[in-house]
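Novice: Below is one structure. I have some questions about it.
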């Protein structure tokens, strides 16, 4: 970056170009493309938003209106997301370009140093950008999808159509547009991963901190139980909990997966605590008379956070795989809610004739999970080259080796 | 490695009075307690879950009541639970399968060998492939080959096994190349049942696709893990010392590097088993392989709680036994524990 700021020009007000002018070409053009496509989407789907606003504001029945209040709300939320993202991709580069331009006289603060190391990692960047796009697609699904994902179409003329201009991925047995279902299905996969991991990490951290801090008999008891629970294939436990139920909502699946997959996080947390309590600052905190909760939450937890963050990121990918597998077995979220695993399950009889349905749905799973794994791998490399390289394996429990000494 | 020195997870090998027999006994005892706890939870969940095994058929209400009486489903749950547990403990009687109309024990005895065949084949395949590819990548670290292996293993590792199975099925069983048959264990269209050697050859042909599907995901994970371990070992001083003594590269790799990487591999071995068995549930369902996994899924659809519980019991026991075996191997091979004895 040159210290000389380029002369102001009107191009600085085109989103992203300002960033490109100070040397960040990749980010700048990416922002420009994003902003452009969002504006194009807004123009293309403007009528749908207007219709949704009318459907919400109008009271009572109106002739010829097809949008239900829920669907209209979805559209409006998506429109708000679109406006917010567009504003960000417009204003972000402007501020960023000014910040970059400032001469760097003061050394970076530790936090910024970590941030720049994380952002410099190629895997983090690839995974992060992919995930941003995927989550954007999920949020904008009501605007992006050409047809309703659940409404059954014309069974006489529109069943099992091959891919065409109107239906990019053809239609399924119920004459629903597969492309629309794919877009809406991303909402399930992406939210199940995040929510279930949030539950399991919270539980795991609490149990692990408890066991590690309590020590002695309680610690031994908790660890024995964890060991034994880890011997059961998670998918079997999840099937035992949800398989026999008639109505499996997304909340049910999220809760069950979250409650059944906290064990290895607990173990990692405990191992971290055991090594942290040997440090001097721990002794100092204890000597100063800090209470146990204060020591755990103010001193120990922040120091154990890095490996937990890495493992949780990798974990999101594995949970998405688990949910898709459940869906494939026909034991996932109840139809007609579109899910990627469920779409493959529904097309089981037509693998050889309508191969594009399972192909596209599976590819979507692979891309999403790869993105999460890329992010996790990169975070691990960037944050600490040494911490648990083993966590990358699906076994994801290897840190246990360090846990007991 | 940061933190305390690595030691086998549940086993306190360095503590006073650590004898192998006691360790094994303790593990078995804890395992049994947990197994029964899980069975109880399973039983309660299945009891609470809605859905009737006899609903939806063309029976009248009276017939349904009759059927429930016949299978003993009209009695209170606590009574059935105690009877069920007693049956398991005293005579290994797991109840009656509504899906297959025979005792659960018989159904399990039929399906268990098939599952063992599939999982063991996949296990050997994934470990062999994983160690070979991981070592190869570590030796060529930083090259394009290494990069390609890393990208491929990341993608494979992120691929759901059912998707891999469906793809392989499409390519090799139905689409372009009809190399390996896809469904089941034998070709059901054949009129005369096969005998002896022919039967086993037929089964092996049918085993190819499911075993590869099950093995590939695990192989990718093992490759990633082994690559890291080998890289760790290569950097250490004793390898440099071995080189300085003029020992050949091949000998260093086999006698020194792989030997040192063997212990961490052994630790992960037991922990990877639940994933193998969980994968078998899915892969068996994709390929119609008549094993426990496929049966578990079908028993859920048939609301056959007794069969599902029986399968859970057997699969969990399989994993526990494998874990125990890995622990014993570990005790036998780790130099630290050898000294402790």
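Where a number appears in this text, it was derived from the coordinates with a stated rule and is not lab data. All of these numbers come straight from a predicted model, not from anything done at the bench. In this analysis, Cβ positions are derived from the backbone assuming ideal geometry, glycine residues included, and neighbour counts consider all displayed protein chains.
Novice: Can you list the residues of the range A:161-201 with backbone N under 17 Å from a point 7 Å past the Cα of residue A:47, pointing along Cα to Cβ?
Specialist: Zone members listed by number: A:166.
Novice: Could you order the peptides A:347-354, A:336-343 from most to least packed, using the average number of other C-beta atoms within 10 Å per residue?
Specialist: A:336-343, A:347-354
Novice: Counting alpha carbon pairs within less than 8 Å and at least 6 residues apart, what relative contact order, in whole percent, applies to the range A:178-404?
Specialist: Result for the range A:178-404 is 28 percent.
Novice: Starting from the Cα of residue A:13, step 7 Å along the direction of its Cβ; do the same at residue B:243; then give the gap between the two resulting points in nm.
Specialist: Those two pseudo-labels are separated by 6.2 nm.
Novice: Something else now. Can you tell me which of A:187, A:45, A:176 moves the most in a GNM of chain A? Springs connect C-alpha atoms under 10 Å apart.
Specialist: Highest fluctuation among the options: A:45.
Novice: Still on this model: Full extension from residue A:77 to residue A:159: what is 0.36 nm times the residue separation minus their Cα-Cα distance, to one decimal in nm?
Specialist: Gain on stretching residue A:77 to residue A:159: 26.4 nm.
Novice: Oh, and also: So for A:43, A:31, fewest C-beta neighbours within 10 Å to most, what's the order? Intermediate values should be presented prior to the final figure.
Specialist: Details: A:43 9, A:31 25.
Ranked by crowding around the Cβ, least crowded first: A:43, A:31.
Novice: Here is a further query. Test of understanding: ordering B:225, B:301 by Cβ neighbours within 10 Å, fewest first, what list do you get? Before the final figure, lay out each step's value.
Specialist: Values: B:225 26, B:301 14.
So the ranking, lowest neighbour count to highest, is B:301, B:225.
Novice: Say each of residue B:132 and residue B:75 gets a label point 7 Å from the Cα, pointing the same way as Cα to Cβ; how far apart are those two points in nm?
Specialist: The answer from the label model is 5.6 nm.
Novice: Only counting other Cβ atoms within 10 Å, I'd like B:163, B:330 sorted with the fewest neighbours first.
Specialist: With the sparsest Cβ surroundings first, the list reads B:330, B:163.
Novice: Which length gain, in nm to one decimal place, applies between residue B:301 and residue B:85 when the Cα-Cα distance is subtracted from 0.36 nm times their residue separation?
Specialist: Separation in residues times 0.36 nm, less the Cα-Cα distance, equals 75.4 nm.
Novice: Stretch residue B:198-residue B:255 to full length: gain in nm at 0.36 nm per residue minus the Cα-Cα span? Kindly include the intermediate steps, with their values, before the conclusion.
Specialist: Values: separation 57, 0.36 × 57 = 20.52 nm, distance 4.15 nm.
Length gained, residue B:198 through residue B:255: 16.4 nm.
Novice: Taking chain A as a Gaussian network, where each spring joins two C-alpha atoms under 10 Å apart, which residue of A:375, A:245, A:140 fluctuates the most?
Specialist: A:245
Novice: Alpha carbon centre of the range B:209-288 versus the range A:308-382: separation in Å?
Specialist: Taking the Cα centre of the range A:308-382 as reference, the centre of the range B:209-288 is 26 Å away.
Novice: Next question, about the same structure. Mind listing the Cα extents of chain A along all three principal axes, in Å, largest one first?
Specialist: Largest to smallest, the principal-axis extents are 74, 68, 46 Å.
Novice: Residues of the range B:109-153 with backbone nitrogen within less than 15 Å of a virtual label 7 Å along the Cα-to-Cβ line of residue B:235, please, listed as ranges.
Specialist: B:138-139, B:141-142
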